[in-house]
Number of protein chains: 8
Amino acid sequence: MSEWTVYLSGEVHTDWRARIETAARRLDLPVSFSSPVTDHSASDDCGVAILGDESSPFWKDHKGAKVNAIRTRSLIDRADVVVVRFGDKYRQWNAAFDAGYAAARAKPVITLHDPALTHALKEVDAAAMAVAETPEQVAQLLAYVTRGELELSAAGA
Amino acid sequence: MSEWTVYLSGEVHTDWRARIETAARRLDLPVSFSSPVTDHSASDDCGVAILGDESSPFWKDHKGAKVNAIRTRSLIDRADVVVVRFGDKYRQWNAAFDAGYAAARAKPVITLHDPALTHALKEVDAAAMAVAETPEQVAQLLAYVTRGELELSAAGA
Amino acid sequence: MSEWTVYLSGEVHTDWRARIETAARRLDLPVSFSSPVTDHSASDDCGVAILGDESSPFWKDHKGAKVNAIRTRSLIDRADVVVVRFGDKYRQWNAAFDAGYAAARAKPVITLHDPALTHALKEVDAAAMAVAETPEQVAQLLAYVTRGELELSAAGA
Amino acid sequence: MSEWTVYLSGEVHTDWRARIETAARRLDLPVSFSSPVTDHSASDDCGVAILGDESSPFWKDHKGAKVNAIRTRSLIDRADVVVVRFGDKYRQWNAAFDAGYAAARAKPVITLHDPALTHALKEVDAAAMAVAETPEQVAQLLAYVTRGELELSAAGA
Amino acid sequence: MSEWTVYLSGEVHTDWRARIETAARRLDLPVSFSSPVTDHSASDDCGVAILGDESSPFWKDHKGAKVNAIRTRSLIDRADVVVVRFGDKYRQWNAAFDAGYAAARAKPVITLHDPALTHALKEVDAAAMAVAETPEQVAQLLAYVTRGELELSAAGA
Amino acid sequence: MSEWTVYLSGEVHTDWRARIETAARRLDLPVSFSSPVTDHSASDDCGVAILGDESSPFWKDHKGAKVNAIRTRSLIDRADVVVVRFGDKYRQWNAAFDAGYAAARAKPVITLHDPALTHALKEVDAAAMAVAETPEQVAQLLAYVTRGELELSAAGA
Amino acid sequence: MSEWTVYLSGEVHTDWRARIETAARRLDLPVSFSSPVTDHSASDDCGVAILGDESSPFWKDHKGAKVNAIRTRSLIDRADVVVVRFGDKYRQWNAAFDAGYAAARAKPVITLHDPALTHALKEVDAAAMAVAETPEQVAQLLAYVTRGELELSAAGA
Amino acid sequence: MSEWTVYLSGEVHTDWRARIETAARRLDLPVSFSSPVTDHSASDDCGVAILGDESSPFWKDHKGAKVNAIRTRSLIDRADVVVVRFGDKYRQWNAAFDAGYAAARAKPVITLHDPALTHALKEVDAAAMAVAETPEQVAQLLAYVTRGELELSAAGA
């Protein structure tokens, strides 16, 4: 079985990516992960830092968001599976945008969020192939999907 | 010039759709509009009302969201332009999802929101062809795009 | 709102198509229906009747199935929604094939079958946007999807 | 000549996959095989085992089927050739679904079944590039397709 | 049932197009036909007649063939069904090219030729959904495909 | 024969569009034409006039160019044929961009320019189906392509 | 620069493939070649030899042609460049079919044939990116395309 | 993180490609570069040098441009990012054509040009994800996009 590529979209303020990667390593999964730039200030500043300052906050954001999009769209296009994480803070419209983009590209989407967000996320979940509550469940899904094995305990918690 | 089809995605609690349609009518634009079901309770209940009740809120939402998606995806796929409205209430992840879906389908997206949301919406705006603040601006954009005329005063405010 | 086209795939031995069409007419839905050739012997014989006899049953079937496929693939490709009906008799692999074909073409699929078939149809239902049990539910779904109205009683039973 | 990837869809209760793989190994073919999860209970339970229990059998099946679909769709999308096996037991609508999905994705399909199923499978066979009766014939087809050699005896029986 | 569009590719020296159109009219089929320019000298000369003379026969042909291709590719792309006729004279590589082009665009192809050409045309026939020997059979196929009726005698001979 | 749609891209300072339309009307061609906004100042100002002023010339241009792109991309996507005109003044990178965009969308391109530009335009001409020097030649091409007639004198000069 | 894949379609009775491969080896090009099965009787018999005999020559050919198509379509789909060779014998409709198929897939096509065939092949040549007369010219084209060098003498004759 | 492929389109008379590659090497970026043939006379002469002389300059250019297009289209299609450079000399319609082609293929485009060209390039810039003024900025963009790091000083100037 060859390698799978998994893109991890969404929330940048908690350790969910590290927990998925740790669980995947523990299970020795044939998976490589990619993600947006998760350094918040780098992500905000990349446009003006590289291409020159802007006096208007709108264009500062615009420049940066487009530079980030070069990365994110390319990585989503290369991914076999896209995991989208929603936290309880921030509006995270970019995560929902990524989910829509991935769904239109026929990429299987796994959402990861607290049950408290179920109603607010119903349209996004409806487009997902699986709805997980913990990073470890995502790792178990990837274990099952890539190797066909239900290795529940090994993924830890 | 033939007819254009414009899909109006997003916020259902204000009159922005009516204002765009009124302005478009006043300008006699060759545009027909489509939208998701904007009756909130119908939209929430359609799944269980038609297909049978669910004890779990998750599956109630899931059933409804998929029924709504039959409509929204078809209408986005037929649209020439997709307008996505974000208000200051609610998380509206479905609006951002639609924007991502439309962008991946190479549909031109116009976002409509208050400047206060600029930073939170920067990734969505970066994928848009125009960022408007009022419904009347959207009508003016449609007048320009469909007829090539800058009819600013006629669109009203 | 413009017209919607709905393809009715599957079972040919019961009156489910007529019931959907009757309910849709009663609701005055902006929907036109298409379907495979439902005259069973015409469908079986079309290949050899038009193009010449075959001594081998395999090639008789093959010729006929391909002639039918000219119709069915074209109609699915033009459809906005594909309804796939499974009955409790026959193996109906062509219905499941149509569902897979439609799903890969990103057409929204509605399945229609008795709950007794749930486990056997789980992969097909998983790719569907709605799972109905009666033709009248399908008509109600179409009413909701095309007009955004929940008109439950009017669809009859 | 580079490697070919062959997806083996369908029946999980006989040894047809192993027989194709054995014959391919004996012929030293440049082919790697992929398949759905063939452990029947793992395949049935994966959804609830990983993502949490369901009281309704419908949603238990739904959850599992979607998790399985992450795997099967990805593997079909990566395959150069899709082999679909129909046995005489079970309805195997998922196999026919896979055939329709693969055909719509322009993947060459080889069906593998007993001649007794010819009439029931005529629409699926009509979309196939080859209709085989034994796993060894499939291996011979793969030998011919990948290396251009007719090595009939070597494939064994 | 809405209108079907059928493109008639290939041989220009016999009356096969007229015979199909006559039979279709007699059956009152919901079909409109399109075809390449069948005036042989217009087809050969269009490039140089409109865009200026060429001293080299190669470039004269090249100019004309590209002008013709504007028409033929557009019409094939709009067609629901492509009929490709091979006669026993001329090499008609353009007809085989059209068949390959149509097949790659997932258009159903019907070939029309004498059984004497079977072996030479085996690759083209293998990509076709039906192989007819007479124009009247093509009309009967279209009657069946568009209306689902086997009207054999009415098509004449 | 149904209607053809022709998009007229490029130079806005000469009367080439009017000459093509006049010649097409004289020939009574089944063609409707579309084009970018050709009022130069409207095209330059549309972004800031509708969406608000910008202090930086770059962002003024950017806003306007994106609004124009909503129109031009939609019209190219709907066109059957794209004509791209290059004059001897201005750099007209937008015309070449449109040609590349249309070519990638498999739209047949006709270029229209003076022979003096041949070397500079060789890559664009190489992607074109015809290279014309006068608007009347374009009309003659459209007459030939849409009706299959060589009506040279009638197109006038 | 990474490897290029070149598919060699058409004539099987002369040594043109070997001459291209020899010239490419002499130039040490980063190119790997693929081709249909060029053993004429294997190609004719593969269907019945593997899948069982046929009494009708039509179905014998049909079976074989479809098995060959598994190989040829897959290899064309993987190719970066498709070379199509036409000789002066045989009708080679399969070569023209491959050219049409490749063109519709946006694969660059190089045709290889004697100038005597120019008029008969004008539609195919019109879809080609280069028209060569000798295998050595094809190798020189590949040297230029893959390495950007004009190495004329080294390709030999 | 795997390798990224970047195509460098446009101007051939300055050292901008070398400067990007030097900066990328200094930053040890996981990027491989491709480009059109930048030897001007080879690029002009390749058609006639390989395929035979032409008396008309138009056809000499045509032959060469198509041979070059085999290379450029293939490389753009394989690229993850397309950089398009415009200088102040020459009309460089091929660069704008490449930008349009890449945009239609959904490849992220970075333009590189002097601010003096802003107005003339507004439509091309509007389709770009980033607009750079120096090759070093392009290298910094690639560093950020491929590794997520803002390494401004290391890219040099």
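The values are calculated or read from the model by the stated rules, or taken from the named source; none is laboratory data. As the structure is a prediction and not an experimental result, all values here were calculated from the model. Cβ sites come from the backbone with ideal geometry, for glycine too, and all protein chains shown count toward neighbours. These accessible areas exclude ligands, DNA and RNA; they are computed on the full protein's heavy atoms, side chains included. Shrake-Rupley method; radii C 1.70, N 1.55, O 1.52, S 1.80 Å.
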Can you tell me which residues in region G:24-34 are in a loop (DSSP other than H, G, I, E, B) and either in contact (Cβ under 8 Å) with a residue 60 or more places away in the chain or within 14 Å of chain D (Cβ to nearest Cβ) (or both)?
G:27, G:29, G:30
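Taking residue G:128 as the residue in question, decide whether it is of a type in the set (Gly, Ala, Ser) and assigned to a loop (DSSP other than H, G, I, E, B).
Numbers: of a type in the set (Gly, Ala, Ser): yes; assigned to a loop (DSSP other than H, G, I, E, B): yes.
Considered against the rule, which asks whether it is of a type in the set (Gly, Ala, Ser) and assigned to a loop (DSSP other than H, G, I, E, B), residue G:128 comes out as yes.
Does residue F:109 satisfy the condition of being closer than 21 Å to residue B:2 by Cβ and either more than 8 Å from chain H (Cβ to nearest Cβ) or open to solvent by 10 Å² or more (accessible area, probe 1.4 Å) (or both)? Outline the logic, then answer.
Working: closer than 21 Å to residue B:2 by Cβ: no; either more than 8 Å from chain H (Cβ to nearest Cβ) or open to solvent by 10 Å² or more (accessible area, probe 1.4 Å) (or both): yes.
No, not satisfied.
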Tell me whether region A:117-131 contains one or more residues that are away from chain B (no Cβ under 12 Å), open to solvent by 10 Å² or more (accessible area, probe 1.4 Å), modelled with pLDDT of 95 or more and touching a Lys or Arg at 6+ places or on another chain (Cβ under 6 Å).
yes
Those residues of region F:26-76 which are in contact with a Lys or Arg (Cβ under 6 Å, 6 or more places away or on another chain) and surrounded by fewer than 16 Cβ atoms within 10 Å (Cβ to Cβ) amount to none
Please give the number of the condition residue C:93 fails out of (1) farther than 20 Å from residue C:33 by Cα; (2) open to solvent by 10 Å² or more (accessible area, probe 1.4 Å).
(2)
Here's a check for you: in region E:134-143, which residue that is open to solvent by 10 Å² or more (accessible area, probe 1.4 Å) and more than 14 Å from the chain's Cα centre (by Cα) is farthest from the other protein chains (Cβ to nearest Cβ)?
E:136
So residue D:79 ticks every box in (1) modelled with pLDDT of 95 or more; (2) among the small types (Gly, Ala, Ser); (3) farther than 15 Å from residue D:8 by Cβ but one. Which box is left unticked?
(3)
Taking the criterion of being touching a Phe, Trp or Tyr at 6+ places or on another chain (Cβ under 6 Å) and more than 29 Å from residue A:104 (Cβ to Cβ), would at least one residue in region C:123-130 satisfy it?
no
Check whether at least one residue in region E:4-15 is surrounded by fewer than 19 Cβ atoms within 10 Å (Cβ to Cβ), within 17 Å of residue E:141 (Cβ to Cβ), in contact (Cβ under 8 Å) with a residue 24 or more places away in the chain and in contact with an Asp or Glu (Cβ under 7 Å, 6 or more places away or on another chain), and report yes or no.
yes
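For every residue, the table says whether it meets (1) under 26 Å from residue E:45 (Cα atoms); (2) aliphatic (A, V, I, L, M).
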residue: F:98; (1), (2): no, no
residue: F:107; (1), (2): yes, no
residue: F:113; (1), (2): yes, no
residue: F:120; (1), (2): no, yes
residue: F:131; (1), (2): yes, yes
residue: F:141; (1), (2): yes, yes
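Please verify whether residue C:84 is surrounded by fewer than 24 Cβ atoms within 10 Å (Cβ to Cβ) and aliphatic (A, V, I, L, M), treating the condition exactly as stated.
Numbers: surrounded by fewer than 24 Cβ atoms within 10 Å (Cβ to Cβ): no; aliphatic (A, V, I, L, M): yes.
No: the conditions fail for residue C:84.
Among C:42, C:69, C:102, which is in contact (Cβ under 8 Å) with a residue 24 or more places away in the chain, closer than 30 Å to residue D:114 by Cβ and either assigned to a helix (DSSP H, G or I) or facing another protein chain (nearest Cβ under 9 Å) (or both)?
Values: C:42 fails: in contact (Cβ under 8 Å) with a residue 24 or more places away in the chain; C:69 fails: in contact (Cβ under 8 Å) with a residue 24 or more places away in the chain.
Result: C:102 is the single residue among C:42, C:69, C:102 that is in contact (Cβ under 8 Å) with a residue 24 or more places away in the chain, closer than 30 Å to residue D:114 by Cβ and either assigned to a helix (DSSP H, G or I) or facing another protein chain (nearest Cβ under 9 Å) (or both).
For region E:72-80, check the following and say yes or no: at least one residue is facing another protein chain (nearest Cβ under 7 Å), in a loop (DSSP other than H, G, I, E, B) and not small (Gly, Ala, Ser). Before the answer, list the steps.
Quick first cut of region E:72-80, residues facing another protein chain (nearest Cβ under 7 Å) only: E:73-74, E:80.
Then keep just the ones that are in a loop (DSSP other than H, G, I, E, B); that gives E:80.
Now narrow it down to the ones that are not small (Gly, Ala, Ser): E:80.
Yes; the residues of region E:72-80 include at least one that is facing another protein chain (nearest Cβ under 7 Å), in a loop (DSSP other than H, G, I, E, B) and not small (Gly, Ala, Ser).
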Has region H:81-93 got any residue that is closer than 28 Å to residue B:130 by Cα, in contact with a Leu (Cβ under 9 Å, 6 or more places away or on another chain), within 11 Å of chain F (Cβ to nearest Cβ) and part of a helix (DSSP H, G or I)?
yes
Taking the criterion of being within 13 Å of chain E (Cβ to nearest Cβ) and among the hydroxyl-bearing types (Ser, Thr, Tyr), would at least one residue in region G:4-16 satisfy it?
yes
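Does region A:144-151 contain at least one residue that is part of a loop (DSSP other than H, G, I, E, B), away from chain B (no Cβ under 12 Å) and among the acidic types (Asp, Glu)? Give the steps one after another, and end with the answer.
Keep residues of region A:144-151 that are part of a loop (DSSP other than H, G, I, E, B), which gives A:148-151.
From what's left, away from chain B (no Cβ under 12 Å): A:148-151.
Okay, now just the ones that are also among the acidic types (Asp, Glu), so A:149, A:151.
Yes.
Here is a yes/no grid of residues against (1) under 13 Å from the mean Cα position of the chain (by Cα); (2) part of a loop (DSSP other than H, G, I, E, B); (3) under 18 Å from residue G:146 (Cα atoms):
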| site | (1), (2), (3) |
| --- | --- |
| G:2 | no, yes, yes |
| G:5 | yes, no, yes |
| G:14 | yes, yes, no |
| G:48 | no, no, no |
| G:55 | no, yes, no |
| G:59 | no, no, no |
In region C:116-127, is there at least one residue being under 21 Å from residue D:126 (Cα atoms) and of a type outside the set (A, V, I, L, M)?
no
As an exercise: evaluate residue H:21 against (1) part of a helix (DSSP H, G or I); (2) within 13 Å of chain F (Cβ to nearest Cβ) and give the number of the one condition it does not meet.
(2)
